[in-house]
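Working notes for the structure below.
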Amino acid sequence: MSISVEAEQAPLPLWPAGTSPSDGEIPTLTPFLLPSTEATGTVVVCPGGGYRGRAAHEGAPVARWLNSLGIAAFVLDYRVAPNRHPIPLADAQRAIRTVRHNASAWRIRPDRIGILGFSAGGHLAATAGTHFDPGNVRAADPIERQSSRPDALVLCYAVISFGEFRHDGSMVNLLGPEPPEELRRFLSNELQVTADTPPTFLWHTGDDAGVPVENALLFAGALRRNGVPFALHIFPHGRHGLGLAPDDPTVGAWPALCGRWLTAAGFAAPVRA
């Protein structure tokens, strides 16, 4: 049964006026909410683009697919180059805090807020899942009092490591041309997994020529060692950047696999006959 979806809403500025960089790029959060009267889970979507841009096919179409599952969604237009770390991470954390702060008004479960990312957006999602905080209870801004920890990660052909299997373009755009080793390790997210890292769904293709499949394998291995539940799907063939992969009969199975995983985790609203 299909689920009716409200119209895409106008993008919301992520930060109070005056806090965006002088280059004029204003990070936003675009809601894709559901008409359900019952609270549902939600997923913040981070399109990829090598920390240089944001791919349109990895944004709104993905949010609408999540809506079809009975899951609210938000597309995050996070800041990219020339902005560098920690600006994109601050945007992702702010997005999670914003959704959690407005959970009641948006009919969202505050304990079912996931983050999904593709490629470099997957690196951002994985960073949000390994570098979070409980919020600042003394903050004047009530949004900043909220936890930035996501409740689930969905990592799609994600950049994970800035080590041997790194994607140089993403690393340089995020950290600069010669980042120090300490910073590279800090943002190699397979090295930052703990028992508190959220449950994770990962998928990749074995012959991805843009971001090596070892990125997914390294993160999955770290999750296993720390006792974090995960699902890992490696498809044998497929180019980088497939998004929902509607034209690939093999890789195109990932949305259904992920949908079942999210539904089992309590993210979908009940579907009424």
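Read-outs: derived from the displayed coordinates by stated rules, not from any lab. No experiment lies behind these values; they were computed from the predicted model shown. In this analysis, Cβ positions are derived from the backbone assuming ideal geometry, glycine residues included, and neighbour counts consider all displayed protein chains.
Within 10 Å of each residue's Cβ, count the other Cβ atoms and sort C258, C46 from fewest upward. Before the final figure, lay out each step's value.
Numbers: C258 22, C46 35.
Fewest-to-most ranking of C258, C46: C258, C46.
For F32, the amide hydrogen comes within under 5 Å of the amide hydrogens of A73, F74, V75, counting only partners 5 or more places away or on other chains and with H modelled in the peptide plane.
In terms of packing, defined here as the mean over residues of other Cβ atoms within 10 angstrom, the peptides 59-68, 81-90, 149-158 line up highest first as 149-158, 59-68, 81-90.
What relative contact order, as a whole-number percentage, does the range 23-264 give when Cα pairs under 8 Å and 6 or more residues apart are counted?
Details: 517 pairs, mean separation 42.1, N = 242.
Answer for the range 23-264 is 17 percent.
Using Cβ point charges alone (K and R +1, D and E -1), the dipole size of the range 23-264 about the Cα centre works out to roughly 640 debye. Return the label of the correct value of Kirkwood radius over Cα pairs in Å, as calculated from the structure shown, out of (1) 20.7; (2) 18.4; (3) 19.2. Read-out from the structure maps to (2). Among E38, E144, E178, E190, the ranking by other beta carbons within 10 Å of each residue's beta carbon, starting with the fewest, stands as E178, E38, E144, E190.
For the pair R260 and R138, what calculated FRET efficiency results from E = 1/(1 + (r/R0)^6), where r is the Cβ-Cβ distance and R0 = 51 Å, to the nearest 0.05? Mind showing how you got there, number by number?
Details: r = 41 Å, r/R0 = 0.81.
Once rounded, the FRET efficiency stands at 0.80.
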